[in-house]
Each structure stands twice: as C-alpha cells, then as structure tokens.
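Student: This is the structure, below, for whatever I ask next.
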Amino acid sequence: MPLEIEASPRPASRATAPQGARGVVVGLVNNMPDSALESTETQFTRLLEAAAGPDMVRLRFFTLPELARTPAAREHIATCGYWHIDELQSDPPDALIVTGMEPSGRPLPEEPYWPRFVEVLEWADDHTASSICSCLAAHAAVLHFDGVQRQRLSQKLCGVFRHDILAAHVLTAGIDAPLSLPHSRWNDLPIEALRESGYTILSSSDATGADTFTRQRRSLFLCFQGHPEYEDVTLLKEYRRDVGRFLRGEQASYPLQPRGYFSPAASAALDEFRERALKGARPELLAQFPTTAAAQDLRAPWAGAAARIYRNWLAYIAAAARPGASVRRRAETGTAVH
C-alpha cells in the first residue's frame, strides 16, 4: 500500500480529498522526547509502509504542545510539516496512534500535558473507528478511562519476549504463536485489573503480563505495553543510553542487558565492558562501548508479526470508513456486527 506523509497545509485553506481518494488517514501523535522524535517518525513510517494493503495510507504528524522541547526540536516540528493538535477538529484523521512520553516520576495526572492528553483521548473515542495507544500512552489511557493504576517494577523490563496470542480475533488474524515483541519499560498494568475492566487480552506472557490488549468504547482502542514499531537496533541504542546514564552517575545501578536480544558473542562483549565500567565508572568510557560488535548479529524477528497486526488494524479502519459502511467491530469477540 502506498504511504504518503501529509504536511499540514498552511495557511488553513485546504481541499479535502473525497473519502475513496484519500484512503486511510492516520494521525501519529508523537510525544517521544527530543532525542527520539525523529527515530519515532521513522519507525512508524516504516511499519505502516510494511503493513501495506490495497488502500492508500496518509500519515500526519502531531505532538502535544505542552511537552517541553528544545529549540532544535521545536524547529524540527515547525519545519517538518507537523500539524497543530487543534487541527484534529478542522480536518480529522480516521485514526490516531498516540506514543508514550518521557516519564518524569510524578503521577500521570500531575504532568503538565495531562489535560491536553485527555482531550486527545476523548476526541479519538468520539471521532475515530479505532486508535492505538503505545506504552506510557496506554498506561495513561487505561488510567483515564478505567482508573487502573500502573505499578512500578522492581527492575526495568527490557528485551524481546515470546507471547501467547488470542487467535480468534480480527486484529490477530494471520499471526502464529508465539508472538515475539520487544518491551522497554519500568511500569506494568496488572493483567487481572485489565480483564476486570473489560479489556480483551490479545497477547500475554508470564514475563511481560499483558502485551497487547483492546477495549471497545465508542472507538476500538488498541493498546501496546511493548513496542512492535521498534527496529532491530532500537533496544541496543536504549541500552547504550542507559549505560551512559550510569557512567555519568545519573542512575545508581548498571543496566541489565535486554533479554532474548543479543547473540552470545555480543552478550560476552557487553559483559566485558560492564566489568570495566564497574571497576571505574567515568563518562568518557562510553566511547569504548562495543556498539559495532553488539549490533553485528541483531535482527528484528518481530517485524513480520508487527506489520500483520497493523495491516489488520488498517483494514479494520478502511472498512469502517467506507461510504455507507454500517459495520462495527466488537472487540470482545473480534467479530463483525451489523
């Protein structure tokens, strides 16, 4: 399926394409920190391209204006065609993907972006056939709609994990178990609390708990605690970032290697670097981090399944957006209801 990135038309005059011509319009609300702003654009663009089907997909970038940004990041947002969040109302997309944000440690409702984030969630519920909430955005959405509190983990959950799947669901059609997906997070939504609140668990494991889950409100919300959009080297980059934080004294303990991710040779090279770092942590040591050795055998075994999940999701939205469509999807069963 062809994918086109639509820059915000400024000034406000615009010609809206007929529904059939414009295809599926997806708004990516990119709330990642400045260091990951552009890589997040790339990850989701490539994933949506890989999820190609018979319909055109048009991708629009948004972000929450209340998020603190450096001047360079604000310049990137201004010059790379980001739409203002208020343009959701004037020219609405068919669906949203809402990313997580940089955690600050304070309760989510005390974050300066919280009122705007809630507005976006409520808008998505009223105006989209389905929307995706990723990682911290999933935690925030479940808290807002259902009052389910996330719980702090004793250590960071990071790696590639294998999950059981609910096969008889429209969003998991064509996916074989086990489903491998990457995770990188410090918090967790208790799986039983999700079930009690009416969520359907599409994939889960003992290690990660609820991986992918949905709830049908006015819109179908699809939530990921993991990151199907990640590329093969993303977890390596995050691990190196966390090692740098340790070397600079910004975190007390040396990070654990991502589980199920590195080859034995890469893991051995990283263990050797860890031993040197523990003997004398200093910021300049990061220049000797064995990035090349660690990246040499990296693969993204989750890429095919991630594309299939998104392909199923796009097909769902395309069906709902067709003129005269009277079909809605019931998330609890994954069946079509007329």
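The values are calculated or read from the model by the stated rules, or taken from the named source; none is laboratory data. A quick note: this is a predicted structure, and the numbers were derived from the prediction, not measured. Neighbour counts run over all protein chains shown; Cβ positions are idealised from the backbone, glycine included.
Student: Given the structure, is Ala210 without any contact (Cβ under 8 Å) to a residue 24 or more places away in the chain, more than 16 Å from Pro258 (Cα to Cα) and crowded, with 17+ Cβ neighbours inside 10 Å?
Tutor: Values: without any contact (Cβ under 8 Å) to a residue 24 or more places away in the chain: yes; more than 16 Å from Pro258 (Cα to Cα): yes; crowded, with 17+ Cβ neighbours inside 10 Å: yes.
Spelling it out, Ala210 is indeed without any contact (Cβ under 8 Å) to a residue 24 or more places away in the chain, more than 16 Å from Pro258 (Cα to Cα) and crowded, with 17+ Cβ neighbours inside 10 Å.
Student: Additional query: Name the residue that is farthest from the chain's Cα centre (by Cα), counting only residues in the stretch 58-94 that are free of Cβ contacts under 8 Å to residues at least 60 places away in the same chain and closer than 12 Å to Glu6 by Cα.
Tutor: Looking at the filtered set, the residue picked out is Arg58.
Student: Within the stretch 60-81, can one find any residue that is basic (Lys, Arg), modelled with pLDDT under 95 and over 26 Å from Arg240 (Cα atoms)?
Tutor: So far as the stretch 60-81 goes, no, none of its residues is basic (Lys, Arg), modelled with pLDDT under 95 and over 26 Å from Arg240 (Cα atoms).
Student: Now for a separate question. Hey, which of the helices (runs of 4 or more DSSP H) in the stretch 230-338, taking only ones fully inside, have at least 2 residues that are at pLDDT 95 or above and within 27 Å of Leu202 (Cβ to Cβ)? Before you say what the answer is, go through the steps one by one.
Tutor: Values: elements: 234-247, 264-279, 291-295, 303-321.
Answer list for the stretch 230-338: 234-247, 303-321.
Student: Follow-up. For the condition assigned to a strand (DSSP E or B), farther than 20 Å from Leu37 by Cα and in the same structural domain as Arg69 (by TED's automatic domain parsing), what is the one hit in Cys133, Cys158? Please lay out each step first, then the result.
Tutor: Values: Cys133 fails: farther than 20 Å from Leu37 by Cα.
Being assigned to a strand (DSSP E or B), farther than 20 Å from Leu37 by Cα and in the same structural domain as Arg69 (by TED's automatic domain parsing) holds for just one of Cys133, Cys158, which is Cys158.
Student: Within the stretch 179-218, take every residue that is among the acidic types (Asp, Glu) and within 26 Å of Tyr239 (Cα to Cα) and give me the one that is nearest to the chain's Cα centre (by Cα).
Tutor: First, the residues of the stretch 179-218 that are among the acidic types (Asp, Glu): 188, 192, 196, 206, 211.
Then keep just the ones that are within 26 Å of Tyr239 (Cα to Cα); that gives 188, 206, 211.
Values: Asp188: 15, Asp206: 21, Asp211: 12 Å.
Restricting to residues being among the acidic types (Asp, Glu) and within 26 Å of Tyr239 (Cα to Cα), the top hit is Asp211.
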